[in-house]
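Peer 1: Attaching a single structure in structure tokens format; questions to follow.
The values are calculated or read from the model by the stated rules, or taken from the named source; none is laboratory data. Since the structure is predicted, the reported quantities are computational estimates derived from the model, not experimental observations. Here Cβ is always computed from backbone atoms with ideal geometry, including for glycine, and neighbour counts include all displayed protein chains. Each accessible area value is taken on the protein alone, full model and side chains, heavy atoms only, with ligands, DNA and RNA left out. Shrake-Rupley method; radii C 1.70, N 1.55, O 1.52, S 1.80 Å.
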Amino acid sequence: GQQVMQIPQYQHVQEGEDFTTYCNSSTTLSNIQWYKQRPGGHPVFLIQLVKSGEVKKQKRLTFQFGEAKKNSSLHITATQTTDVGTYFCAGMNSGGYQKVTFGTGTKLQVIP
Amino acid sequence: GAVVSQHPSWVICKSGTSVKIECRSLDFQATTMFWYRQFPKQSLMLMATSNEGSKATYEQGVEKDKFLINHASLTLSTLTVTSAHPEDSSFYICSARPQALLTGLNSPLHFGNGTRLTVT
């Protein structure tokens, strides 16, 4: 079945440093979504990418969707303590069954 | 908008008993809802897709007789963990997507707050 892997699994950064998490799917995706989950909380939707090669920005966050629609990345510039949490990519398969498969997640810890 | 309410937020039950978890879409209709399970420090694993008015679609390895899903209306899906055992202790999260006709097939998932189940 479809597998979605993320690296790294954990990342500790000093506040102000940049952070990137990479997402790779074993199959071509229809679209990819990114979610953030704070400790003890539920996933919160951040953004969706649909087009091949698409790049979207939200303030300090930059999201990219690969040309082959099998990989994606999230880059945070100048991290802040509020960025702490686990970031999940979630890929929707390109078939008729609209199933969303979550990536393994990257847990970000920001050291003040 | 697009609020999903999940109840209860936590429950402790004895081994062998059954627990029902409710998932409601408060301000939109959802023909499809999804039930996920999350173990500590792990990702969300899709258990089943709940379809209004029809049988749920279960993922491979998920026992349909143990995890009963009912989607009786466009705003309510329930997950019942039957004859719960300690290994069923986990964080269960439901999610829903507004109807395709209104927002498109690619609309994002909206999550409930989750239910922490502890089986003693």
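Peer 1: Using the Cα centre as the reference, give the magnitude of the dipole from point charges on the C-beta atoms of the protein assembly as shown (Lys, Arg: +1; Asp, Glu: -1; all else neutral), rounded to the nearest 20 debye. Show your work: numbers first, answer last.
Peer 2: Working: 21 positive and 14 negative charges, 26 e Å.
Roughly 120 debye for the protein assembly as shown.
Peer 1: Here is a follow-up. Ranked from highest to lowest mean number of other Cβ atoms within 10 Å per residue, what is the order of the peptides A:42-53, A:64-75?
Peer 2: Numbers: A:42-53: 16.7, A:64-75: 18.9.
Peptide ranking by packing, descending: A:64-75, A:42-53.
Peer 1: Still on this model: Relative contact order, percent, of the stretch A:4-111 when contacts are C-alpha pairs under 8 Å separated by at least 6 residues?
Peer 2: Numbers: 285 pairs, mean separation 40.9, N = 108.
Relative CO of the stretch A:4-111 lands at 38 percent.
Peer 1: Please report the net charge: other residues with Cβ closer than 13 Å to the Cβ of A:R38, K and R +1, D and E -1.
Peer 2: On the way: positive: A:K36, A:K107; negative: A:D83.
Result for the neighbourhood of A:R38: +1.
Peer 1: What length, rounded to one decimal in nm, is gained on full extension from A:K56 through to A:V44, with 0.36 nm per residue of separation minus their alpha-carbon distance? All intermediate terms of the calculation are to be shown ahead of the outcome.
Peer 2: Details: separation 12, 0.36 × 12 = 4.32 nm, distance 1.73 nm.
Full-extension gain reported as 2.6 nm.
Peer 1: To continue, here is another question. Kirkwood Rh and Cα-based Rg: tell me the resulting Rg over Rh for chain B, rounded to two decimals. Each step should come with its number before you reach the end.
Peer 2: On the way: Rg = 13.7 Å, Rh = 14.3 Å.
My calculation puts Rg/Rh at 0.96.
Peer 1: With every protein chain left in place and a probe of 1.4 Å, what is the accessible surface of B:D27, to the nearest 10 Å²?
Peer 2: Probe radius 1.4 Å; accessible area of B:D27 about 80 Å².
Peer 1: While we're on this one: What is the sum of charges around A:Q6, taking Lys and Arg as +1, Asp and Glu as -1, for the other residues whose C-beta is under 15 Å from the C-beta of A:Q6?
Peer 2: On the way: positive: A:K36, A:K70, A:K107, B:K41; negative: none.
Neighbour charge sum, excluding A:Q6 itself: +4.
Peer 1: Given R₀ = 25 Å, FRET efficiency for B:F39-A:Q109 by Cβ-Cβ distance, to 0.05? Show your work: numbers first, answer last.
Peer 2: Details: r = 20 Å, r/R0 = 0.80.
Result of the calculation: an efficiency of 0.80.
Peer 1: Additional query: Have a look at the protein assembly as shown and give its Rg and Dmax from the Cα atoms, expressed in angstrom.
Peer 2: For the protein assembly as shown, the Cα-based Rg and Dmax read 17.7, 51 Å.
Peer 1: Of the cross-linked pairs A:K70/B:K66; B:K20/B:K64; A:K69/B:K66; A:K56/B:K55; B:K14/B:K64, which ones have a Cα-Cα span greater than 26 Å in the structure shown? The partial results should precede the final answer.
Peer 2: Working: A:K70/B:K66 34 Å; B:K20/B:K64 14 Å; A:K69/B:K66 36 Å; A:K56/B:K55 38 Å; B:K14/B:K64 21 Å.
Checking Cα-Cα distances, A:K70/B:K66; A:K69/B:K66; A:K56/B:K55 exceed 26 Å.
Peer 1: Another one. If you take the charge dipole of chain A about its Cα centre, with +1 on Lys and Arg Cβ and -1 on Asp and Glu Cβ, which of A:F45, A:Y87, A:T106 is farthest toward its positive end?
Peer 2: The one lying farthest along the dipole's positive direction is A:F45.
Peer 1: Here's something else I'd like to know. Tell me the volume per residue, in Å³, of the convex hull enclosing the alpha carbons of chain A.
Peer 2: Values: hull volume 10.1 nm³, N = 112.
Here the figure is 90 Å³ per residue.
Peer 1: Another one. Under the definition of Cα pairs under 8 Å and six or more residues apart, what whole-number percent is the relative contact order of chain B? Each step should come with its number before you reach the end.
Peer 2: On the way: 303 pairs, mean separation 44.0, N = 120.
Value for chain B: 37 percent.
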